[in-house]
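Only one structure is covered here, and it is reproduced in the block below.
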Amino acid sequence: MAELSGHGFAVRVPAGWEAEIYRRAPVVAPRNEASLYGADDDALHYPPIVHLSTIALPPERGDFGGGALGAMTGRDIFISLFEYERRDTANALFAYDGPPWPLSPDDFDPSTLRVALGDQTGCQRFFRHRGRAFALYVVLGSHSLRRLLVPAANDALAAIQID
Amino acid sequence: MTVLVVLESIVLALLVALVIGLLRTHAEVLRRLHELGAGIYETDTSRTTQADLAGRVADGVAAPRVETVARTEVVDITGVTPRGSAVSIAVGGDDRLTLLAFLSTGCTTCGDFWQAWRNDESLPLTGLGQPRIVIVTRGPENEHPHAVTTLAPATASTVMSSEAWTDYRVPASPYFVLVDGRAGVIGEGSAASFAQLRGVLERALSDRRAPIDLRDEPSRVDAELRRAGIVPGHHSLYEWPHGPESPAPDRRSA
């Protein structure tokens, strides 16, 4: 089992899954803004993101799977864990404390998807954990098969450790 | 007279020394030829050495490894992208066909492959379709990430991982390993150009398919039996060759 770490995450990648921990380059980077990440000024403007997926992750894709989700079959799963700035933990949107997993099949709704594709369904949760703010976005290949797929998604989520 | 004998002895000694020197040189030449696979006293013709293979490929092309047993294990590729992201790429599993392209930034022969994939050239394989291309360079301790970023295509995954080179026992670059997620490694080798790579892969696949054609395929067996006059119910199908203890079949006429 492969293990990845970076940007305050550690992931034990389940067999048959792909994963990447990366940061998006900033569009605008104010120079004199105080960093909430300590001495690492750049980190404020480079949100770390974790992707876990049963499909092949194309090198160019959106932070929430744009450009990749069309390749999903009914049995595939895509997970994006997107970190916001630390100051966002004060926002009511991130009031839920702690990782929101394990998820339930009832948490999934096709209307949650940013782009509706076939029978796909999704779940989005905002939360804070250890002073960091996150959005969790999970896409299942089939709403009809969500009871079958959610346990596998939970296993993958359990393999993510947030420092 | 004595002087003559002494002189002859000296000349004879010099000739003996010369002959010994020539024999030693000859033996050294034969030994070197033997190491290169051209030995005239080769007795074990079944064994192929790395030197044999190295002498049969073009300059800049890595010789394939010498292995007597086909390698089938599949190892996922874990490393970093040229931009520094930690990444794990799944190679094993159903419905996965991956071409691992082990390339370097400094190798001249690799340039054709970097260019081909930057131009988004496809590599369809007969009967298998388009494999996923994963370019694997050595890790950041051996390759400069900026150089890899400059060469890496936008549409193919590029991973820097020295571990993958070790896992797949890559002898040199460029080197290619075609992996079926279920069956394991189904072909590997080097090539001097992108066009040659297509040929190498197609040959590897046809070699792999060939033994399958020799299997007992039911429809082919039926056709051959029918041509021989043996149809369902033919008595020869119920004759047991081992005597009285054989089960007694229900004999029916053809």
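Structure values in brief
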quantity: Kirkwood hydrodynamic radius (C-alpha pairs) into Stokes-Einstein, the range A:117-163, 4 °C and 1.567 mPa s, D in µm²/s; calculated: 108
quantity: Whole-Hz couplings from phi, Karplus 6.51/-1.76/1.60, listed for the range B:193-205; x for Gly and Pro; calculated: 8, 5, 4, 5, 4, 3, x, 4, 5, 5, 5, 4, 6
quantity: Efficiency of FRET between B:Ala195 and B:Met1 - r from beta-carbon atoms, R0 56 angstrom, step 0.05; calculated: 0.10
quantity: Chain A - Rg over Rh from alpha carbon coordinates, Kirkwood radius; calculated: 0.97
quantity: From phi via Karplus (6.51, -1.76, 1.60), per-residue ³J(HN,Hα) for the range B:118-124 in Hz, x at Gly/Pro; calculated: 5, 7, 6, 6, 8, 9, x
quantity: Contact order normalised by residue count of the range A:98-163, Cα under 8 Å, 6+ apart, percent; calculated: 33
quantity: Packing-based order for B:124-137, B:224-237, using average beta carbon neighbours within 10 Å, highest first; calculated: B:124-137, B:224-237
quantity: Spin-label model distance (nm) - B:Leu128 vs B:Ser9, 7 Å beyond Cα toward Cβ; calculated: 7.7
quantity: Estimated 222 nm signal from helices in chain A, with DSSP H stretches of n ≥ 4 weighted -39500 (n - 2.57), rounded to 500; calculated: -2500 deg cm²/dmol
quantity: For the range B:175-181, Karplus couplings with θ = phi - 60° (6.51, -1.76, 1.60), whole Hz, Gly/Pro x; calculated: 8, 10, 10, 9, 10, 8, x
quantity: Residue-averaged beta-carbon neighbours from other chains (10 angstrom radius) around B:77-86; calculated: 5
quantity: Shielding by partners, peptide A:18-24 (average Cβ within 10 angstrom, other chains); calculated: 6
quantity: Nearest 10 degrees, 0 to 90: helix A:146-158 Cα axis against chain A principal axis; calculated: 30
quantity: Peptides A:134-140, A:107-113, B:110-116 ordered by average Cβ neighbours within 10 Å, highest first; calculated: A:134-140, B:110-116, A:107-113
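No value in this document is a laboratory result; all are computed from the given coordinates. A quick note: this is a predicted structure, and the numbers were derived from the prediction, not measured. Neighbour counts are summed over all protein chains in view; Cβ atoms, including those assigned to glycine, are modelled from backbone coordinates with ideal geometry.
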